[in-house]
Every structure is written in structure tokens, then in C-alpha cells.
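The values are calculated or read from the model by the stated rules, or taken from the named source; none is laboratory data. What you see is a predicted model, and the numbers here were worked out from it, not measured in a lab. With ideal geometry, Cβ positions are generated from the backbone for all residues, glycine too; neighbour counts draw on all protein chains shown. Accessible surface is based on the protein model in full, side chains and every heavy atom, while ligands, DNA and RNA are left aside. Shrake-Rupley method; radii C 1.70, N 1.55, O 1.52, S 1.80 Å.
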Amino acid sequence: MKHLLSAADLDRDEATAVLDAAQRMHAVQTREVKKLPPLRGRTVVNLFFEDSTRTRSSFEIAGKWLSADVINVSAKGSSVSKGESLRDTVLTVEAMGVDALVVRHSTSGAVARIAEWVGCSVINAGDGTHEHPTQALLDAYTLRGRLGDLTDRHVAIVGDITHSRVARSNVLLLRTLGVRVTMVAPPTLMPAGVATWPCETSWDLDAVLSGKAFGDVDAVMMLRVQRERMAGGYFPTEREYAIGYGLSPERLDLLGEDVPVLHPGPMNRGLEISSAAADGARSLVLSQVQAGVAVRMAVLYRMLAGPDEVAV
Ligand code: NCD
């Protein structure tokens, strides 16, 4: 694996190998001493042109626990704010002797473009509304941990699909892993090309959650309403969105008791998800965060140490 730009870069064997490696890495998280040696002497740069809490810090922790040197560069405080072009910034950082660039950018396709410019490995940590493959991997890891084998399972992905790179990467990876996906959104937040995606679609959340639309669901993934990417009015009021598409306590009751709830974070409580759902027994939100470190360790390890290195 030279780069990880899209969830489509992973076939079933490769995705499963990453998830299996993540499982071994996860054990490290519970140790008192969390450092492993395999990436000693390697340098990873987190280059974030967009805000992040979970993704950036988990890549940093993942690299450090594998003994890589990890440096964070954010657009604010870098020469980007002095007018430097993206290409110049990236080539400058790479010239310092970098083995992998972990990049987040607000423009769809920017990370793939960067991978054409540089010689080092590039990991897409979210490009615009396009893709976020390590999020899909950590979601699959979390789902696998709860549901076991994912073949023929049914996952509903609910909310602002139009602006969600998480939804795009998830539908690709989940299909690769044999999962049936249903996307649920109001018509204004369902992307134009969704008919070509490998999933069912619905505007009726209650029908999907109750199993009346496409059969019982095994897990529900709620997505954030991405107001920062919305130029106009995609729904009348927040209250109406919450009524139609929020995972309220009443809607939770439509689900079987053991059906888990996921959310990539950050959450808009009271809008797409109620506190009852976010903090309840079904919630896997913090398990997802935990999985994020293990999965990113696995990706960095396979990318920089190679799959044939002595397994951890
Ligand atoms: C997601 C992202 O940045 O795409 N967050 C994350 O990486 N945990 C989802 C979001 O911002 O809503």
C-alpha cells in the first residue's frame, strides 16, 4: 500500500488485513507502556488545512506509539496564510525528508493531487465532501467488534449524505466487506448521483429503522449536519430536521435493543442525535474513537513498515 486515498483502494483481502492488524494494535492501547519500535526513524507529517480533533490527534498518537517522529502542520500558522500555493507548501514539507503525509483539505480531490506531486506516501484524512477512508476503516472495525462477521449485515447511514465524505468512504468499504447499506436523508441532503452508489436509499427514517423499508437493520450510523459546507437552506429549521431525521429517544425504541448506534463525531446533540442515543447503552461513539488509533496504527504500519515485517 503506497497511498490510501480512497476506500476503493482496498479490496476485501487488504481491508481485512488492515482490520486484523488493527486488532493486534488495539491490544497495545490497553498496555501501561504503549510504545512499539517498528517505525523508529520514520517521519510522518500531519498536514491539516481543515479543523480536526479526533483524526489529527489519533494519527499523531498512532505514529508516536509506533515510534515514528510525528510533526503537525496546520494551515493556520503556516505559510499558507502568507499566500503560498498548495503545491509549494507540500513540496517544501516533503523536502525535509518525510516518509508519509497525512492530509486533510477542504477541496475534494486535493489529496489525490498531492499524491501525484510527492514521492512519499500520502494518506487521505478527509478531502472536502469526497472521502475519508480511515474513518470508514475505523467504523468497520467498530462494527466488526460488535457484530462479528459483517457479511450480509445491514447498516443504515443517516443524515447529511450530500456533504459527507464519511458516507462516501463507508458505502465503498462496507460493500467491499459484503455489508448491505441503506442511505437515509431528506431529499435536499441526498446527493444527485446516489442512484449509482451501491446502496438503497430512503427519505423515511422511521420505515428504515423499524425494518419496514428494507428489513431489519443491524447498526445505525448518524452523520453530522455539516453547516460549514452549506451555502443555502437545505432544511427549513433545525427543529424540523431533528423531527424528521434526528435519532430521538422515541426513534431508538424502533431499533432492537442490541442494535448499535455510531457517529463519527463531532456530534450536534439535539439536532441529528439526542443525548439518549449518544450516551446510551447502544452508543459506540467512544469505541469508534478508540478504534481510530488502532486502525491508524495499522495503516501506518502496513504502509511504512510493510505487511511482511514481524507482526506486533
Ligand atoms: C468527520 C469528518 O471530518 O469528515 N469527522 C471525523 O473525521 N471524525 C465527520 C464530520 O466532520 O462530521
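Remarks
- Hey, Thr16 hydroxyl-bearing (Ser, Thr, Tyr) and touching a strand residue (DSSP E or B) at 6+ places or on another chain (Cβ under 8 Å) or not: no
- Within the range 224-242, the presence of a residue that is outside any loop (DSSP other than H, G, I, E, B) and within 28 Å of Gly63 (Cα to Cα) is excluded.
- Hey, Arg153 in contact with a Pro (Cβ under 7 Å, 6 or more places away or on another chain) and not assigned by TED's automatic domain parsing to the domain that holds Arg40 or not: no
- Per the listing Thr196, Thr176, the residue uniquely away from the ligand (no atom under 16 Å from the Cβ), open to solvent by 30 Å² or more (accessible area, probe 1.4 Å), at pLDDT 95 or above and within 16 Å of the chain's Cα centre (by Cα) is Thr176.
- Subset of the range 271-286 [more than 17 Å from the chain's Cα centre (by Cα) and more than 18 Å from Val184 (Cα to Cα)]: Ser275, Ala276, Ala278, Asp279, Gly280, Ala281, Arg282
- Of all residues in the range 278-295, those that are of a type in the set (Ser, Thr, Tyr) have Cβ atoms under 6 Å from Cβ atoms of residues that are assigned to a helix (DSSP H, G or I) and open to solvent by less than 20 Å² (accessible area, probe 1.4 Å), 6 or more apart or on another chain, in Ser287/Thr142.
- Arg239 vs. criteria basic (Lys, Arg), surrounded by fewer than 19 Cβ atoms within 10 Å (Cβ to Cβ) and within 15 Å of the ligand (Cβ to nearest atom): no
- Among the residues of this structure, Ser58 does not count as one that is within 16 Å of the ligand (Cβ to nearest atom), within 21 Å of the chain's Cα centre (by Cα), under 29 Å from Leu177 (Cβ atoms) and open to solvent by 40 Å² or more (accessible area, probe 1.4 Å).
- Every residue from the range 47-79 that is of a type outside the set (Ser, Thr, Tyr) and under 21 Å from Ser108 (Cα atoms): Leu47, Phe48, Phe49, Glu50, Asp51, Arg54, Arg56, Phe59, Val73, Ala75, Lys76
- Check on Val45, without any contact (Cβ under 8 Å) to a residue 60 or more places away in the chain, surrounded by 20 or more Cβ atoms within 10 Å (Cβ to Cβ), closer than 18 Å to His3 by Cα and more than 16 Å from the ligand (Cβ to nearest atom): yes
- Within the range 199-233, tally of residues that are within 16 Å of the ligand (Cβ to nearest atom) and open to solvent by less than 40 Å² (accessible area, probe 1.4 Å): 7
- Pairing residues of the range 112-137 that are over 16 Å from Gly265 (Cα atoms) with residues that are near the ligand (Cβ under 10 Å from one of its atoms) and of a type in the set (Gly, Ala, Ser), at Cβ distances under 9 Å and at least 6 apart in sequence or on separate chains, gives Asn124/Ser169; His130/Ser169.
- Among the criteria (1) away from the ligand (no atom under 16 Å from the Cβ); (2) of a type outside the set (Val, Ile, Thr); (3) outside the structural domain of Arg24 (by TED's automatic domain parsing), the one Ala95 does not fulfil is (3).
- Residue within the range 157-165 that is within 16 Å of the ligand (Cβ to nearest atom), more than 15 Å from the chain's Cα centre (by Cα) and among the β-branched types (Val, Ile, Thr) present: yes
- Among residues of the range 5-34 that are closer than 24 Å to Val166 by Cα, those with a beta-carbon under 6 Å from a residue that is open to solvent by 50 Å² or more (accessible area, probe 1.4 Å) at least six positions away or on a different chain give the pairs Ala7/Leu172; Ala8/Leu172.
- Scanning the range 3-40 for residues that are over 19 Å from the mean Cα position of the chain (by Cα) and under 24 Å from Arg104 (Cα atoms) yields a single hit, Leu39.
- Filtering the range 16-37 to residues that are surrounded by fewer than 20 Cβ atoms within 10 Å (Cβ to Cβ) and either in contact with a Ser or Thr (Cβ under 9 Å, 6 or more places away or on another chain) or small (Gly, Ala, Ser) (or both) leaves Ala17, Ala27, Lys35, Leu36, Pro37.
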